[in-house]
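I have placed the structure first, in the form of structure tokens, so that the comments after it can refer back to it.
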Amino acid sequence: MISAVLPTYNRAPLSFVSGEGSWLVEADGRRFLDLGAGIAVNVLGHANPALTRALTEQAGALWHTSNLYHIPQQEALAEKLVEATFADTCFFTNSGTEACELAVKMARRYWSDRGQPERHVILAFTGSFHGRSSAGIAAAGSEKMTKGFGPLLPGFRHLPFGDHDALHEAMKAPDVAAVILEPVQGEGGIVPVPDQCLKGLRDLCDETGALMILDEVQCGMGRTGRLFAHEWAGIAPDIMMVAKGIGGGFPLGALLATEDAASCMTAGSHGSTYGGNPLACAVGNAVMDIVANDDFLGEVRRKAGLFRQGLEGLVASHPDVFEAVRGAGLMLGLKCRVPNTDLLDAAYAERTCIVPAADNVVRILPALNIPDEDIREAVARLDRAATALERA
Ligand SMILES: *Cc1c(COP(=O)(O)O)cnc(C)c1O
């Protein structure tokens with residue numbers, strides 16, 4: 001018999017009842033070290049006092065009014081994002097995949113508005129992930145996500161990740177509206193795009209006019225030690241998708257864009273009942289106030305160095321379990337030699353939560369404010385998990 005919850009997930013036999021910082025408490029009282037942070041969502045850990053305060057204060061005043069009215073919390077958050085990024089304007093969503101929907105719509109309408117509706121193709125890369133909506137799965141294109149869901153939304157052209165010749169060739173096509181990519185692929189196995197490649201792609205977009213859409217749903221909001229990952233390359237996109245970390249655990253996403261890219265989106269052209277409601281934006285403002293801060297981001301970079309050093313040590317001492325460490329900032333991947341699901345189970349046995357990804361990688365995406373002692377504890381637990389696998 002089918003479960004009451006649609007069985008689209010293979011869930012670990014764990015249910016957590018509370019959390020504090022980088023720790024989760026299981027129903028039976030066991031404490032787990034959380035290195036997944038709700039898949040890069042709980043950027044300030046669990047039960048962060050500033051976020052709890054922002055949420056409960058707003059909850060007592062007003063939850064939801066709809067976008068028929070001005071929402072001061074939404075306007076404040078938009079101004080913070082505009083102030084801190086390349087963007088001139090923001091649209092709020094409840095998730096990453098909804099931001100993807102708007103990115104695709106905006107890129108197409110941009111060219112339609114300019115009298116070139118035939119310019120509607122969006123280039124995307126293998127190994128990418130843009131969410132589970134119809135546009136999101138069509139953009140990513142993998143068999144795993146699209147099988148049985150056809151006919152897929154047309155107008156996406158997929159290029160092999162890292163193939164510069166294919167990219168140069170594809171960009172010449174007169175029907176290309178935009179290119180979409182993650183500066184660090186997350187679900188694909190923690191694969192950073194080299195800064196040089198992001199710069200090269202920006203140049204190609206400038207030459208052809210194609211819009212550059214960056215999906216920073218997972219790698220953004222401080223994850224790599226800069227507010228957004230593309231800042232490392234010294235470039236700026238035309239359109240950017242944000243979600244996951246921006247709500248610190250409250251469902252919130254955003255689409256950021258330049259005025260040029262966004263000016264086609266006039267009143268009535270897009271909408272969302274919930275997107276940017278007072279409750280979500282109260283939390284989003286509290287997250288931004290903490291994360292969009294040079295000292296905070298400096299600490300993320302320092303902690304990332306500490307964590308990475310520990311993981312490099314693990315790889316060196318368990319060459320039969322691990323192949324390499326990769327990633328950027330606190331978006332780290334351990335490429336495994338054993339099946340990554342074995343490592344996942346061994347980590348659970350050590351009361352540690354990590355997240356699987358494609359390419360036999362496990363992801364380490366802790367809270368950005370994880371204490372140094374928890375980083376050391378994490379490395380010690382993963383060391384014991386690897387030792388257990390070697391003995392098995
Ligand atoms: C998680 C993710 C999404 C989808 O976000 P949802 O909130 O699950 O819809 C899109 N792109 C990337 C890169 C992601 O990691």
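Could you tell me whether A170 is of a type outside the set (S, T, Y), within 16 Å of the ligand (Cβ to nearest atom) and part of a helix (DSSP H, G or I)?
no
Residues of the range 83-102 being more than 12 Å from the ligand (Cβ to nearest atom), closer than 24 Å to V176 by Cβ and touching a helix residue (DSSP H, G or I) at 6+ places or on another chain (Cβ under 7 Å), which ones?
A87, D88, T89, F91
Picking from K80, K105, which residue would you name as being within 16 Å of the ligand (Cβ to nearest atom) and charged (D, E, K, R)?
When all the criteria are applied, what remains is K105.
So C219 clears everything in (1) under 23 Å from A357 (Cβ atoms); (2) surrounded by fewer than 24 Cβ atoms within 10 Å (Cβ to Cβ) except one condition, right? Which one?
The number of the failed condition is (2).
Does E101 qualify as being acidic (D, E), under 19 Å from G248 (Cβ atoms) and in the same structural domain as G234 (by TED's automatic domain parsing)?
Answer is no for this residue.
Tally time: how many residues in the range 292-318 are in a loop (DSSP other than H, G, I, E, B) and either in contact (Cβ under 8 Å) with a residue 12 or more places away in the chain or surrounded by 16 or more Cβ atoms within 10 Å (Cβ to Cβ) (or both)?
Result for the range 292-318: 2.
Can you find, within the range 21-47, the residue that is surrounded by the most Cβ atoms within 10 Å (Cβ to Cβ) among those that are over 20 Å from the mean Cα position of the chain (by Cα) and part of a loop (DSSP other than H, G, I, E, B)?
My answer is A47.
If you scan the range 348-376, which residues turn out to be in contact (Cβ under 8 Å) with a residue 40 or more places away in the chain, over 19 Å from L44 (Cβ atoms) and assigned to a helix (DSSP H, G or I)?
Y348, R376
The values are calculated or read from the model by the stated rules, or taken from the named source; none is laboratory data. Everything numeric in this text was worked out from a predicted model, so none of it was measured. Note that we place each Cβ from the backbone using ideal geometry, even for glycine, and neighbour counts take in every protein chain shown.
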